[in-house]
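Undergrad: This structure is in structure tokens; I'll ask about it shortly.
The values are calculated or read from the model by the stated rules, or taken from the named source; none is laboratory data. Source: prediction; values computed, not measured. Positions of Cβ are generated from backbone atoms using ideal geometry, with glycine treated the same way; all protein chains shown enter the neighbour counts.
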Amino acid sequence: MAASGSLDRVLDGGSLAGMDRTRTELFLGDGTYFNGLADDQHLTGDQWGMMNETGNYPGQSWLWLFSFWYQIPPFNSLANADLVISGIMVVLTLALMLVPFIPGVRSLPRIIPIHRLIWRDYYRRR
């Protein structure tokens with residue numbers, strides 16, 4: 001049955017369109033074989049927080065900031081670190097979105113013209 005693919009249908013109890021995967025996952029989670037495979041590929045979730053990837057790949061590059069927070073001592077020992085770090089990222093995202101509306105911060109490019117060093121070829125032509 002497993003080779004033909006019909007074992008999943010039997011395990012999910014014939015539910016509508018096979019959407020209830022509870023029994024199938026319980027069947028696969030029974031024992032240590034799949035846990036061992038996940039552990040070999042560092043996918044158990046206790047090593048890098050949100051940034052797991054198979055093989056020797058570094059993971060999603062856009063999650064580096066999330067992974068950074070997991071390495072800092074106040075957060076790496078929290079039981080609810082995912083919730084706290086997600087909250088921090090929401091606050092940082094909102095702060096970044098509001099930068100154009102903060103009076104002192106939005107005038108920093110005029111005070112400190114670092115952008116002119118980056119775009120110096122453009123300003124030289126103008």
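Undergrad: So THR22 fits all but one of (1) within 26 Å of ALA79 (Cβ to Cβ); (2) at pLDDT 75 or above; (3) surrounded by 13 or more Cβ atoms within 10 Å (Cβ to Cβ); (4) not hydrophobic (A, V, I, L, M, F, W, C); what number is the exception?
TA: Exception for THR22: condition (3).
Undergrad: Could you list, in sequence order, all residues of segment 77-126 that are in a helix (DSSP H, G or I), surrounded by 10 or more Cβ atoms within 10 Å (Cβ to Cβ) and among the small types (Gly, Ala, Ser)?
TA: ALA81, SER86, GLY87, ALA95 - these are the residues of segment 77-126 that are in a helix (DSSP H, G or I), surrounded by 10 or more Cβ atoms within 10 Å (Cβ to Cβ) and among the small types (Gly, Ala, Ser).
Undergrad: Restricting to segment 1-10, name every residue that is modelled with pLDDT of 75 or more and outside any loop (DSSP other than H, G, I, E, B).
TA: Within segment 1-10, LEU7, VAL10 meet the criteria.
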